[in-house]
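Trainee: The structure is given below, and queries will be raised subsequently.
Laboratory data are not the source of any read-out in this text; all were calculated from the coordinates shown. Owing to the predicted nature of the structure, the values given are computational and were not obtained by experimental measurement. With ideal geometry, Cβ positions are generated from the backbone for all residues, glycine too; neighbour counts draw on all protein chains shown.
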Amino acid sequence: VESPSSLILLFGATGDLAKRKLYPSLYNLYIKGQLSDRFAVVGVARRLKNDAELREWVKDSILTYGESENEKDINAFTSHFYYQSHDVTDSASYKQLKTLVDRLDKEYELGGNRIFYLAMSPEFFGTVAEHLKEDGLTDTNGFKRLVIEKPFGHDLQSAIKLNNQIRKAFDEDEIYRIDHYLGKEMVQNIEVIRFSNAIFEPLWNNRYISNIQITSSETLGVEERANYYDKSGAIRDMVQNHMMQMVTLLAMEPPIKLTTDEIRSEKVKVLRALRPVDKKNIHDYFVRGQYGKGQINGKEVVGYRQEMNVPEDSNTETYFAGKLLIDNFRWAGVPFYVRTGKRMAAKSTKIVIQFKDIPMNLYFKTGSNLKPNLLVIHIQPDEGITLHLNVKKAGQGIVTTPIKLKYSTKGVDGMNTPEAYEKLLYDCLRGDATNFTHWDEVALSWQFVDEISAVWENEPAVFPNYPAGSMGPKEADLLLEKDGFSWWSII
Ligand code: BG6
């Protein structure tokens, strides 16, 4: 289905995100006929000169990161792009922008529909939103939507401040806070797996599930992002947003309808039920790590403290593991173990739901290889699910053996599922905010995370404590061992 006509005003048009994700995704929508022909993109940045340069830039991005090499299509697509050099703090600059936007609105018959996409340095998010209103850009007859990249604040306090700034110009339902994990095919599948299967839904609670493990490991290090990352760390970079979002989707109650408000309100309830951990007990529930030198794919890599722009004594965690408890009827007593880190052994995001052992297993005897039932949701790079069961081992005698039932979306469809950004852009164009983060979710997850950061920031850690290429510090294993569990391997 084609989305409504719209102008997209993109701040950060020469940035990394635009280049790697936004242009190729928008182009895919265009090729699939999911973008109205009546669309125009105004790219706002500082380093280019004119429309022609931006169009070349976009073309180059599609050729490098996209799936097409069809020059004719690409040229037709980029003809919708316009460039505006811009100073984010200067009103005169916004007035110029308004003149251009108003002109394009008429030319392309866009009906005044506007999407303002902030894919730039977060320090300017608030300022830009305020100017958009003050200088008349949000004054339109069509819809106006603000798409805002992470990080949404640095902690609860700064997030509140930012939110107040953007709320001066946009209503909550006009704000699309990006969490790109919510655009991933298998993250969106969590709900469907849970709520459309009679064999899972009745078991999805503390009577039958013993623990849930969410792992998002990366092999990349900090790359060129130390200026941001060293002030952020794994907890702010990954846990406050992506990991917490996966927890809410796994734990929420079935919504009464599949509408944005109903789904979000169930997710918010999960966050409200998260058990706050007292400062003095933080170490019993959460583990931090920082990578030292090691090997990734057989190649030597330096430790975090030796990376470009990282202070030699940095106390920033590049690894997080934690035990989250949700104090409600469904989940009381079921730990949600969450871990994420840079420079780990593999790039992988997986969720393992471990079911309880049956009370008296008749096959629990020597010679039987009994394993707990697991449901594994593969988020990336594989996409699919695996169900671990026990069956009889073929042959003489009654001995059990574990087997796996596998489903892989890539195998079935024979193609890659759309990139998260493609789905999210399409949702935003159609006005569907379900897979974006509501303010209440942002606030509650900061509140939870702030308690942990407050303790960690005041206590220097003994870093580095895991070698690059490993699965993290040994304390993360102990975290589960003391509860009688262990991490299921993700490799
Ligand atoms: C981003 C973080 O939000 O997510 C990065 O800022 C991280 O540090 C990235 O690398 C991981 O995303 P994905 O989709 O590769 O798992």
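Trainee: If you filter the range 297-352 for GluC sites (Glu not before Pro), then keep DSSP loop positions with at most 13 other Cβ within 10 Å, what is left?
Mentor: Sites meeting the loop and neighbour criteria: 312.
Trainee: So what is the 222 nm mean residue ellipticity for the chain from helices alone, if each DSSP H run of at least 4 adds -39500 (n - 2.57) and you divide by all residues, rounding to the nearest 500 deg cm²/dmol?
Mentor: Working: 15 runs with 156 residues, N = 491.
Counting only the DSSP helices, I get -9500 deg cm²/dmol.
Trainee: Mind checking the full-extension length gain between residue 49 and residue 481? Use 0.36 nm per residue of separation minus the Cα-Cα distance, one decimal, nm. Please report the intermediate quantities before stating the final value.
Mentor: Values: separation 432, 0.36 × 432 = 155.52 nm, distance 5.89 nm.
Result: 149.6 nm gained on full extension.
Trainee: Please list, in chain and number order, the residues 5+ apart from residue 42 or on another chain whose amide H is under 5 Å from its amide H, with Hs placed from the backbone.
Mentor: So residue 42 has HN proximity to 8, 9, 10, 82.
Trainee: Go through the range 186-198 residue by residue and turn each phi into a ³J(HN,Hα) via Karplus (6.51, -1.76, 1.60, θ = phi - 60°); whole Hz please, and just put x for glycine and proline.
Mentor: After applying 6.51 cos²θ - 1.76 cosθ + 1.60, I find 7, 6, 5, 6, 3, 4, 5, 4, 5, 9, 10, 10, 4 Hz.
Trainee: What does the C-alpha gyration tensor say about the overall shape of the range 3-72? Classify as rounded when a/c is under 1.5, otherwise prolate if a/b is larger than b/c, or oblate. It would help to have the intermediate numbers written out before the result.
Mentor: Working: a/c = 1.71, a/b = 1.19, b/c = 1.44.
Oblate, because a/c is 1.5 or more while a/b does not exceed b/c.
Trainee: Work through the residues other than residue 398 whose Cβ is under 13 Å from its Cβ and net out their charges, Lys, Arg +1 and Asp, Glu -1. Mind dumping the intermediate values first?
Mentor: Values: positive: 365, 392, 393; negative: none.
It works out to a net charge of +3.
Trainee: Using 0.36 nm per residue of separation minus the Cα-Cα distance, give me the extension gain between residue 406 and residue 362 in nm, one decimal.
Mentor: On the way: separation 44, 0.36 × 44 = 15.84 nm, distance 2.62 nm.
In short, 13.2 nm is gained.
Trainee: Using 7 Å Cα-to-Cβ label points, what is the residue 123/residue 207 separation (nm, one decimal)?
Mentor: Taking the simple label geometry, residue 123 and residue 207 are separated by 5.6 nm.
Trainee: At what distance in nm do the modelled label points of residue 281 and residue 72 sit from each other, each positioned 7 Å from its Cα along Cα→Cβ?
Mentor: 6.7
Trainee: Oh, and also: Can you tally the net charge around residue 105? Count Lys and Arg as +1, Asp and Glu as -1, for every other residue whose Cβ sits under 13 Å from the Cβ of residue 105. Kindly include the intermediate steps, with their values, before the conclusion.
Mentor: Numbers: positive: 38, 98, 103, 106, 114, 144; negative: 102, 107, 109, 139.
That sum, taken over residues with Cβ under 13 Å, equals +2.
Trainee: On to the next question. Report the relative contact order of the range 242-337, percent, no decimals, based on alpha-carbon pairs under 8 angstrom and at least 6 residues apart.
Mentor: On the way: 99 pairs, mean separation 22.7, N = 96.
Relative contact order, the range 242-337: 24 percent.
Trainee: Would you mind checking the pairs 280/474; 293/371; 231/342; 371/423; 106/144; 161/423 and listing those with alpha carbons more than 27 angstrom apart? Please list the in-between numbers first.
Mentor: On the way: 280/474 21 Å; 293/371 36 Å; 231/342 15 Å; 371/423 37 Å; 106/144 16 Å; 161/423 29 Å.
Exceeds cut-off: 293/371; 371/423; 161/423.
Trainee: If r is the Cβ-Cβ distance from residue 313 to residue 454 and R0 is 22 Å, what FRET efficiency results, to the nearest 0.05? Walk me through the numbers on the way to the answer.
Mentor: Working: r = 20 Å, r/R0 = 0.90.
Efficiency computed from Cβ-Cβ geometry: 0.65.
Trainee: If R0 is 22 Å, what FRET efficiency do you get for residue 262 and residue 325 from their C-beta distance, rounded to 0.05? Each step should come with its number before you reach the end.
Mentor: Values: r = 25 Å, r/R0 = 1.13.
E(calc), rounded to 0.05, equals 0.30.
Trainee: The range 419-457 to the range 322-363: how many Å between their Cα centroids?
Mentor: So the two Cα centres are separated by 22 Å.
Trainee: Right, next: Report the residues of the range 344-387 in range of a label on residue 297: point 7 Å along Cα→C-beta, backbone N strictly under 15 Å from it.
Mentor: Hits in the range 344-387 for residue 297 at 15 Å: 344-348, 381.
Trainee: Which is the longest run of the chain containing none of the trypsin sites (Lys or Arg not before Pro) found in DSSP loop states (not H, G, I, E, B) with at most 14 other C-beta atoms within 10 Å?
Mentor: Values: sites that count: 32, 46, 47, 49, 168, 207, 231, 257, 347, 365, 482.
Of all site-free stretches, the longest is 50-167.
Trainee: If you take every residue apart from residue 317 with its C-beta less than 11 Å away from the C-beta of residue 317, what net charge results, scoring Lys and Arg +1 and Asp and Glu -1? Don't skip to the answer; put the middle values down first.
Mentor: Details: positive: 236, 288, 342; negative: 230, 237, 457.
Within the 11 Å Cβ shell, the charges total 0.
Trainee: Using modelled amide H (1.01 Å from N, peptide plane; none on Pro or chain starts), what sits under 5 Å from the amide H of residue 144, excluding residues fewer than 5 places away?
Mentor: The list, which skips near neighbours in sequence, is 114.
Trainee: Next up: So if R0 is 41 Å, what FRET efficiency would residue 440 and residue 392 give, r being the distance between their Cβ atoms, rounded to the nearest 0.05?
Mentor: Details: r = 50 Å, r/R0 = 1.21.
So the FRET efficiency works out to roughly 0.25.
Trainee: In terms of the Cα gyration tensor, with a ≥ b ≥ c the square roots of its eigenvalues, is the range 5-123 rounded because a/c is under 1.5, prolate because a/b exceeds b/c, or oblate? Intermediate values should be presented prior to the final figure.
Mentor: Working: a/c = 1.80, a/b = 1.26, b/c = 1.43.
Here the range 5-123 falls in the oblate category.
Trainee: Per-residue HN-Hα couplings for the range 167-183, Karplus 6.51 cos²θ - 1.76 cosθ + 1.60 at θ = phi - 60°, whole Hz, x for Gly and Pro?
Mentor: So the J values, rounded to whole Hz, are 5, 5, 10, 9, 6, 3, 6, 9, 9, 10, 7, 6, 10, 5, 4, 6, x.
Trainee: Read phi for every residue in the range 111-121 and hand back ³J(HN,Hα) as whole Hz from Karplus 6.51 cos²θ - 1.76 cosθ + 1.60, θ = phi - 60°, with x for Gly and Pro.
Mentor: Those phi angles translate into x, x, 6, 9, 10, 9, 10, 9, 10, 9, 4 Hz.
Trainee: Does anything in the range 257-279 have its amide N under 20 Å from the 7 Å Cα→Cβ label point of residue 332, and if so which residues?
Mentor: Counting only backbone N, you get 269-278.
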